[in-house]
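A short reminder: the numbers here are calculations on the coordinates, not readings from a lab. The model shown is predicted, which means the values in this text are computed figures rather than measured ones. As a convention, Cβ positions derive from the backbone with ideal geometry for all residues, glycine included, and neighbour counts pool all protein chains shown.
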Amino acid sequence: MKTSHALTQSVATLTGVGTHTVGRLRKLGIHVVQDLIFHLPLRYEDRTHVHAIGALTAGMTALICGKVELVDVLSKGRKSLICRVSDGTGFMTLKFFHFSADQHNIFKTGTWLSCFAEVRHGYAGLEMVHPEYRVIASPDSYIPENRLTPVYPLTEGLSQATLRKVMKQALNQVELLQDWIPDSILQRYQYPSLLEAIHTLHAPDESVSMLALQNGSLPALKRLAFEELLSHYLSLKKAKVAAKVWQAPSFSSPMLASSKEHFLRSLPFTLTGAQQRVIGEIEADCMSAQPMMRLVQGDVGSGKTVVSAYAALLALTAGYQVAVMAPTELLAEQHYRNFSAWFGGFQTQVLYLTGQLKGKARAATLQALADGSAGIIVGTHALFQDSVQFHKLGLIIIDEQHRFGVHQRMALRDKGQQAGLRPHQLVMTATPIPRTLAMLQYSDLDISIIDELPPNRKPIVTSVIPAERRDDVIARINHWVAKKRQGYWVCTLIEESEVLQCEAAEKTAELLIEALPDVRIALIHGRMKSAEKDAIMQAFKHHELDLLVATTVIEVGVDVPNSGLMIIENPERLGLSQLHQLRGRVGRGADDSYCLLMYQSPLSDTARQRLGILRDSNDGFVIAEKDLQLRGPGDVMGTRQTGQIHFKVADLARDADLLDIIQQVGEQFLIDSPHAIQPLCDRWLGASTDYAEV
Ligand code: ADP
Ligand code: MG
């Protein structure tokens with residue numbers, strides 16, 4: 001008797017699958033029999049109709065039947081076997097560069113052949129090169145196939161024929177698959193059953209439209225994409241539910257009221273309505289004894305830092321420590337400065353830890369964390385090394401989440417865990433991920449959105465100009481600096497090479513220093529020592545410098561309100577969201593600010609359109625939505641930014657409508673079918689499921 005076990009057995013148990021094939025299949029992410037079933041065709045070939053030769057045009061891939069009229073071996077040039085066939089409507093030349101004497105004998109005049117190949121233009125009309133062919137009795141008795149032929153994604157060393165053979169065996173087990181999607185959902189969205197969907201996609205019959213297969217509108221495809229996206233959603237939700245069984249410290253304290261009042265009074269501004277709302281959400285979380293897992297999403301400049309500082313205030317007042325983690329040293333330093341200033345009046349130390357800190361200073365910092373004399377530690381990844389021990393960690397703040405993957409986020413949380421208590425977690429991101437995508441990426445987190453900028457911000461005026469106008473731009477800097485304002489000049493480079501990027505920035509800085517003798521210019525890039533960067537940033541902040549030439553290291557966090565001009569070289573090389581982040585370094589005060597996108601001509605149509613989006617909008621969400629339409633979600637989120645989600649069937653741009661459906665049914669599914677979650681995750685997330693384990 002077959003059991004569903006057969007589906008989870010290694011592909012090595014299938015006939016004709018040796019170690020080599022196992023290895024090749026593994027490269028395609030196929031380990032067990034079930035993985036094969038979900039390895040869907042890339043495209044299909046149509047052998048279901050015999051085409052009249054006279055109706056063919058070059059470029060078509062077609063099945064024909066023809067009678068051999070002439071056979072010849074040409075030895076001029078490359079030796080080839082030529083066979084001319086006709087079906088009464090036209091002639092087709094079959095061409096073989098590799099052939100045997102046997103073949104020569106088969107192609108006898110008067111023999112009927114069926115042939116399948118792409119049609120090309122040849123010297124003597126249409127031709128097929130190395131077609132698939134078969135000798136047939138007559139065109140009338142010939143029965144074409146009744147299903148489209150699947151063409152599967154392959155990997156080196158694996159042939160279509162081998163894969164089809166192995167696939168056939170896997171598909172024999174297909175009825176063992178359990179359909180976890182309840183009938184009510186299938187009916188509501190008019191999805192086929194799982195088996196029907198699988199059959200349709202591996203062997204579509206004539207009634208299936210090739211177009212619907214290609215554009216993804218076929219219900220069979222939609223159903224599988226739905227199931228896959230639902231599985232990703234459920235895996236994160238499961239993590240969220242499981243996290244609720246943990247206890248967290250409650251930050252309630254008799255000192256809270258006076259502490260809050262003191263903090264808010266010491267700020268040089270009043271909080272926006274959106275900031276106040278989000279602070280309220282955070283406070284409610286932190287007063288409960290369950291770990292907060294909250295994402296604060298807010299456009300650049302919306303004031304997320306002070307919101308996170310408020311959370312830190314709650315922890316400190318209740319006697320807990322706070323870890324603030326940033327993805328870059330520059331940003332960590334900036335937070336360190338901010339937190340030091342805000343919590344200067346508290347009876348605690350604010351410390352700073354990065355990989356650069358060594359020796360005695362490092363030991364002293366670690367000691368202060370372990371004995372609790374430091375209440376706040378700000379740093380980079382270095383914070384979560386084994387040697388870092390906390391006395392009483394109550395809150396983890398992670399800034400610019402998009403730089404860290406889901407896995408990393410979970411690893412961090414585990415580090416902070418002690419005595420059965422888990423710290424609260426606050427994640428801040430400026431990446432304007434469209435709501436639908438956020439649902440897939442962050443469904444284990446509660447989301448707060450700061451959808452309001454501080455008052456009196458003038459919108460940044462953005463222009464798109466060709467690099468030929470560099471001299472004008474340089475003149476403009478002179479003019480700008482004469483008005484006592486500051487600016488950034490950002491160098492980008494197509495390669496992901498930091499070294500090359502820094503070299504380019506060095507060169508640009510030299511040229512600008514020469515061209516602008518009256519402007520105080522400094523260079524800042526990722527390969528400089530942290531003390532050096534710090535000194536330059538301080539000098540810039542105190543207006544001892546006018547222009548910073550920088551690499552994209554200033555993408556995140558830098559905050560100098562007087563710096564209101566940004567020139568971005570080769571903006572066409574960056575994603576729109578990244579450009580928006582960069583641009584967010586200006587427009588931080590009440591004065592005018594400008595961003596000049598200085599592109600290299602010629603610009604492609606799409607690039608021109610994309611830069612136009614940026615010129616016309618200052619709203620990160622609008623930009624991300626438009627970018628999504630233009631480029632698709634993979635690019636918008638960027639692999640670097642997502643912690644990589646790979647889909648087998650789903651395509652987020654094509655299947656965006658499904659995200660709404662999942663939002664509607666996901667929550668209920670979790671309640672109605674808890675037993676289905678693990679098997680669905682096994683089916684669709686396979687080896688990567690462990691990230692959602694708690
Ligand atoms: P981001 O959300 O991009 O991290 P920041 O927290 O760096 O933004 O804040 C941007 C700037 O706005 C900072 O100079 C900050 O001090 C200031 N700011 C924050 N909140 C307010 C507010 N309510 N009113 C005025 N300025 C504010
Ligand atoms: Mg920030």
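For the chain, what value does the Rg/Rh ratio take when both radii are computed over Cα atoms and Rh is the Kirkwood radius, given to two decimals? Display every interim value, and only then the final one.
Working: Rg = 31.7 Å, Rh = 29.7 Å.
Dividing the radius of gyration by the Kirkwood radius yields 1.07.
Express as a percent, rounded to the nearest 5, the fraction of DSSP beta bridges in the stretch 461-617 (both residues included) that run antiparallel.
Working: 0 of 24 bridges.
Percent antiparallel among DSSP bridges in the stretch 461-617 is about 0.
On C-alpha positions alone, give me the angle between the axis of helix 605-616 and the longest principal axis of the chain, in degrees, nearest 10.
That helix lies at roughly 30 degrees to the long axis.
Once Rh is set to the Kirkwood radius over Cα pairs, what Stokes-Einstein translational diffusion coefficient, in µm²/s, holds for the stretch 1-102 at a temperature of 20 °C and a viscosity of 1.002 mPa s? Please list the in-between numbers first.
Values: Rh = 18.1 Å.
Estimated diffusion coefficient is 118 µm²/s.
Given the C-alpha centroids of the stretch 459-478 and the stretch 320-361, what is the distance between them in whole angstrom?
Measuring centre to centre over Cα atoms gives 37 Å.
Could you tell me which trypsin sites (Lys or Arg not before Pro) in the stretch 216-270 are loop residues by DSSP with no more than 16 other beta carbons within 10 angstrom of their beta carbon? Walk me through the numbers before you get to the answer.
Details: sites: 222, 223, 237, 238, 240, 244, 260, 265; in loops: 244.
Loop-located and lightly packed - 244.
Using a 10 Å Cβ count of at most 14 others and DSSP loop calls, identify the longest part of the chain lacking such GluC sites (Glu not before Pro).
So the longest stretch without any such site is 207-494.
Arrange the following residues from fewest to most other Cβ atoms within 10 Å of their Cβ: 123, 133. Can you show the working numbers first?
Values: 123 7, 133 21.
Final ranking by Cβ density, sparse to dense: 123, 133.
Take the Cα of residue 174, step 7 Å along the line toward its Cβ, and report every residue of the stretch 192-226 whose backbone nitrogen sits under 11 Å from that point.
Inside the label zone: 194-205.
For the stretch 256-450, treating each Cα as an identical point scatterer without solvent, what Debye log10 I(q)/I(0) comes out at q = 0.08, 0.17 1/Å?
Taking Cα atoms of the stretch 256-450 as identical point scatterers yields -0.23, -1.16.
Give me the aspartates and glutamates in straight-line cross-link reach of residue 507: C-alpha distance below 16 Å, same-chain residues under 8 apart excluded.
Straight-line reach from residue 507, under 16 Å: 498, 569.
Please give the residues of the stretch 500-530, grouped as numeric ranges, whose backbone N is less than 16 Å from a label point set 7 Å along the Cα-to-Cβ vector of residue 478.
From the stretch 500-530, the list is 511-521.
If R₀ is 56 angstrom, what is the calculated FRET efficiency for the pair residue 542 and residue 193, using the beta carbon separation as r and rounding to 0.05?
Numbers: r = 69 Å, r/R0 = 1.23.
Efficiency, rounded to the nearest 0.05: 0.20.
Suppose we keep just the DSSP beta bridges with both residues in the chain; what percent of those would be antiparallel, to 5? All intermediate terms of the calculation are to be shown ahead of the outcome.
Details: 34 of 92 bridges.
Restricted to the chain, the bridges split so that about 35 percent are antiparallel.
Please go through the stretch 1-84 and write out the trypsin sites (Lys or Arg not before Pro) that DSSP classes as loop and that have at most 11 other C-beta atoms within 10 Å. Intermediate results must be reported in sequence, preceding the final value.
Details: sites: 2, 24, 26, 27, 43, 47, 67, 76, 78, 79, 84; in loops: 2, 47, 76, 78, 79.
Loop-located and lightly packed - 2, 76, 78.
Percent relative contact order of the stretch 49-144, based on C-alpha pairs within less than 8 angstrom and at least six residues apart? Write down the numbers at each step before the final one.
Values: 209 pairs, mean separation 28.9, N = 96.
The value is 30 percent.
In nm, to one decimal, how far is the modelled label at residue 250 from the one at residue 67, with both set 7 Å along Cα→Cβ?
Output for this residue pair reads 9.4 nm.
Calculate how many DSSP beta bridges within the stretch 49-144 are antiparallel, expressed in % of all such bridges and rounded to the nearest 5. Before the final figure, lay out the partial values.
Details: 28 of 32 bridges.
Around 90 percent of the beta bridges assigned by DSSP in the stretch 49-144 are antiparallel ones.
Express in nm, to one decimal, how much length is gained between residue 601 and residue 367 on full extension, taking 0.36 nm for each residue of separation and deducting their alpha carbon distance. Walk me through the numbers before you get to the answer.
Numbers: separation 234, 0.36 × 234 = 84.24 nm, distance 5.60 nm.
78.6 nm is the gain from fully extending residue 601 to residue 367.
Need one number: nm distance between label points at residue 89 and residue 262, each 7 Å from Cα along Cα→Cβ, rounded to one decimal.
9.0
Rounding to the nearest 10 and keeping the result within 0 to 90°, find how far the Cα-based axis of helix 304-317 lies from the longest principal axis of the chain.
Relative to the chain, helix 304-317 is tipped by roughly 60 degrees.
In what sequence do 651, 627 fall when counting other Cβ within 10 Å, fewest first? Present the calculation step by step, with values, prior to reporting the outcome.
On the way: 651 15, 627 23.
With the sparsest Cβ surroundings first, the list reads 651, 627.
For helix 359-371, what angle does its Cα long axis make with the longest principal axis of the chain, in degrees from 0 to 90 and rounded to 10?
Approximately 80 degrees, to the nearest 10.
At most 11 other Cβ atoms within 10 Å and a DSSP loop assignment: could you name the trypsin sites (Lys or Arg not before Pro) in the stretch 95-169 that fit? Working shown, then result.
Numbers: sites: 95, 108, 120, 134, 147, 164, 165, 168; in loops: 108.
Those that pass, being in a loop and sparsely packed, are 108.
Rank the residues 302, 617 as a footprinting-exposure proxy: fewest other Cβ atoms within 10 Å of their Cβ go first. It would help to have the intermediate numbers written out before the result.
Values: 302 25, 617 17.
By the 10 Å Cβ count, ascending, the order reads 617, 302.
How big is the dipole moment of the chain about its Cα centre under a simple scheme where the beta carbon of each Lys and Arg is +1, that of each Asp and Glu is -1, and everything else is neutral? Debye, nearest 20, please. Kindly include the intermediate steps, with their values, before the conclusion.
On the way: 69 positive and 73 negative charges, 167 e Å.
The calculation lands at about 800 debye.
Can you spot the aspartates and glutamates whose alpha carbon is less than 12 Å from residue 260's alpha carbon? Ignore those fewer than 8 places along the same chain.
By straight Cα distance, residue 260 reaches 283.
Points 7 angstrom from Cα along the Cβ direction at residue 341 and residue 616: gap in nanometres?
3.8
Would you work out if the stretch 461-617 is rounded, prolate or oblate? Take a ≥ b ≥ c from the square roots of the eigenvalues of the alpha-carbon gyration tensor; rounded if a/c is under 1.5, else prolate when a/b is larger than b/c, oblate otherwise. Walk me through the numbers on the way to the answer.
Working: a/c = 1.42, a/b = 1.25, b/c = 1.14.
Rounded, since a/c falls under 1.5.
Less than 25 Å apart at the alpha-carbon level, and either on another chain or at least 8 residues along: which lysines does that give for residue 237?
Answer for residue 237, where 25 Å is the Cα cut-off: 222, 415, 648, listed by chain and number.
Principal axis extents for the stretch 49-144, Cα atoms only, whole Å, descending order, please.
35, 27, 19
Calculated FRET efficiency, residue 101 and residue 10, Cβ-Cβ r, R0 41 Å, to nearest 0.05?
Details: r = 44 Å, r/R0 = 1.07.
Plugging the Cβ-Cβ distance into 1/(1 + (r/R0)^6) gives 0.40.
Given Cα pairs under 8 Å that are at least 6 residues apart, what percent is the relative contact order of the chain? Before the final figure, lay out the partial values.
Numbers: 1198 pairs, mean separation 89.5, N = 694.
The value is 13 percent.
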